Structure formats: C-alpha cells, structure tokens
Amino acid sequence: MATPTQLDVRGPRFGAAVTTVVLAVAFVSAGTTLATILLLLQTVAFGIGAVVGPHAQPYGKFFATVIRPRISPATKFEDAAPPRFAQAVGLGFAVAALAGIFLNSIALTQIAVGLALAAAFLNAAFSFCLGCEMYLLIRRFTTSS
Amino acid sequence: MNSFGWLALVLVIASAFGLWRRWSEGRAVVDNKHPEIGSAEIGQPLGEKATLLQFSTAFCSPCRTTKVILAKTVDAIEGVAHIEIDAESHLELVRRLDIRRTPTTLLLDAQGRVQNRAVGVPRQDELIAVLASTIGE
C-alpha cells in the first residue's frame, strides 16, 4: 500500500487531543500500574506514527475510519511529514517516561510526561506543532557546514 | 503541590505560551542589527527597491500560505521582489541571521540590509505598510 502523503489536518489534531487526555491521566496517576499501562500504549501509538506514518497511528486511524465519514468533508490538507516528525519527538518523551519507571524515578517520568503533555495540548488547543517548529533548529545544530 | 496542581500548572503555562504565540505570529518586527545580505548568498538578484526574502522548509504547511501572501504583496508594489529560499540548503545563512523556524520573512531594503523580520505567516496589511515606509525612505 502506498503511504498517503496528504492528511486531513483535523486527524493529527484529534490525535493530539486523545494524547493529551491519555498523558494527563498518566501524569496524575504516575507510579501506579494504570500509568505504566497508559504510557506503554502511548509509546506504541507514537512508535507506529513515527515509523509507519500518521495514517497508521491508532488515533489517526480511528479518526479516519470512525469520525471522518460522519463529519463534513476535509477542506484543509497537510503533508504527512511534519506530524510524523512530531510523533517521533513524542516517542522520545514517552521512552524517557518509561525509563523513569524502570529506573524507579517518578520525577523523570513526570517531567517527561509533563513536557509531552504540554506539546500535545498545544497541538490540540492551538494547532501549534512543537515537533515541526523544532525541525529547523535541530537541523541547525546537527549539521555542520 | 500534588499531581493535580502540577497538571494545572503545565496546562496554564502551555496556554500562556500558545496565546503569546498566536499574538506574535507573523508580526513584522524591526531588526535593529540590519545585517546585510548579498545577492550572491541567495543566488538571485535583489529587488530594485526592496526584497521580501522568505525562508522555507520542504514540509512546512504555513510556508505555502506565506508564499501566496508574499506573491500577492509584491504584485501590488513595483520594484519589490519576492525570493523564497530553502532554509536547509542555506544553513550557513540561517545560522548567521539566527533563523529559528520556517516560515521566516525578512524585509530587505534596496542595499540588501534587513529592516524587518516576520516569523510565521505574515499579515499582509502590516507588510504593505512596512514596505511603503521602507521604499519611501
């Protein structure tokens, strides 16, 4: 199957809203089994979004198959690359949060979840894509010329 | 402070940042350092009176909106050029001018000196006013 390169902009935004709720619950329940399960699920979701693409990301898939057919047709599209990059940034935070659990450091988990939560919330509420904005800065620092 | 307090704090800080970003998005700010950009650096001749130099990246959706706004703006004013360059293939210039994200639009005068800088999708009416004062000088 060919990878779609254009996405309905509402898809990633819906996904960010779901991510915000999942991470908020994980944040307040940090240290419990519930938080660990939620973080594992969120890590898998980020992983699929980053490796396969936003179209295959579970929240994006739910939007495309269940919600999108019931709402008005898409009017704005965006390239799949920026949200995919953002999923990879989210994956980094989620892995750090899981590392906190295995290292027995609730502080590390809460800081990582807090940062990912802030990024997902900004995306859902303000349509601000932190991962996309960091792209050029990261290129500036990682490329020497 | 318990976890709910911290959660509320994270959301309040993120909201404040989001509102600030919405407010500052695309505003043309005066660049006091006035760095000079030569046409050789961007590989294209500058506009006769002024140039709108747009830094873009390949997968940036607001860059496309910006391109349309700038193209319309230069169509309306004679002697002003719109040049769009790929930030990733001009990283040296990006570092020298401290371009942090795309789209960033620089307004250059006839000599290639940076007068204003707009980060994000620029506001067309503001841009026209700033251009008029740059050309008028």
Any hit, segment A:118-137, residues being hydroxyl-bearing (S, T, Y) and in contact (Cβ under 8 Å) with a residue 24 or more places away in the chain: yes
Residues being facing chain A (nearest Cβ under 9 Å), assigned to a helix (DSSP H, G or I) and β-branched (V, I, T) - total across segment B:52-100: 1
Test: residue in segment A:72-86 that is under 13 Å from A:G15 (Cα atoms), outside any helix (DSSP H, G or I) and at pLDDT below 95: no
Filtered residues of segment B:63-83 (kept if surrounded by fewer than 19 Cβ atoms within 10 Å (Cβ to Cβ), of a type outside the set (G, A, S) and under 21 Å from A:F77 (Cβ atoms)): B:R64, B:T65, B:K67, B:V68
Candidates B:E36, B:E48 - the one that is surrounded by fewer than 14 Cβ atoms within 10 Å (Cβ to Cβ), closer than 23 Å to B:A129 by Cβ, among the charged types (D, E, K, R) and more than 14 Å from the chain's Cα centre (by Cα): B:E48
Residue match in segment A:102-111 (condition: within 28 Å of B:F17 (Cα to Cα), assigned to a helix (DSSP H, G or I) and open to solvent by 80 Å² or more (accessible area, probe 1.4 Å)): yes
So B:R27, is it away from chain A (no Cβ under 14 Å), open to solvent by 60 Å² or more (accessible area, probe 1.4 Å) and under 16 Å from the mean Cα position of the chain (by Cα): yes
Residue count for segment B:92-131, restricted to those that are surrounded by fewer than 18 Cβ atoms within 10 Å (Cβ to Cβ) and free of Cβ contacts under 8 Å to residues at least 24 places away in the same chain: 6
Some residue of segment A:54-65 being over 24 Å from A:Q110 (Cα atoms), within 14 Å of chain B (Cβ to nearest Cβ), outside any helix (DSSP H, G or I) and touching a strand residue (DSSP E or B) at 6+ places or on another chain (Cβ under 7 Å): yes
Neighbours by Cβ (under 6 Å, 6+ apart or cross-chain): first from segment B:36-49, under 11 Å from B:L108 (Cα atoms); second open to solvent by less than 70 Å² (accessible area, probe 1.4 Å) and part of a helix (DSSP H, G or I): B:L46/B:S39; B:K49/B:I135
Which numbered condition A:T109 fails, given (1) in contact (Cβ under 8 Å) with a residue 60 or more places away in the chain; (2) within 14 Å of another protein chain (Cβ to nearest Cβ); (3) touching a Phe, Trp or Tyr at 6+ places or on another chain (Cβ under 7 Å): (3)
Residue tally, condition closer than 19 Å to A:L91 by Cβ, more than 13 Å from every other protein chain (Cβ to nearest Cβ) and open to solvent by 20 Å² or more (accessible area, probe 1.4 Å), over segment A:23-42: 5
Condition met for A:G11 (assigned to a helix (DSSP H, G or I) and at pLDDT below 95): yes
Unmet criterion (only one of (1) of a type in the set (G, A, S); (2) touching a Ser or Thr at 6+ places or on another chain (Cβ under 7 Å); (3) part of a helix (DSSP H, G or I)) for A:A118: (2)
Complete set of residues in segment A:14-43 that are in a helix (DSSP H, G or I) and either among the small types (G, A, S) or touching a Pro at 6+ places or on another chain (Cβ under 8 Å) (or both): A:G15, A:A16, A:A17, A:A24, A:A26, A:A35
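The values are calculated or read from the model by the stated rules, or taken from the named source; none is laboratory data. All of these numbers come straight from a predicted model, not from anything done at the bench. Cβ coordinates were reconstructed from backbone atoms using ideal geometry, including for glycine residues, and neighbour counts include every protein chain displayed. Accessible surface is based on the protein model in full, side chains and every heavy atom, while ligands, DNA and RNA are left aside. Shrake-Rupley method; radii C 1.70, N 1.55, O 1.52, S 1.80 Å.
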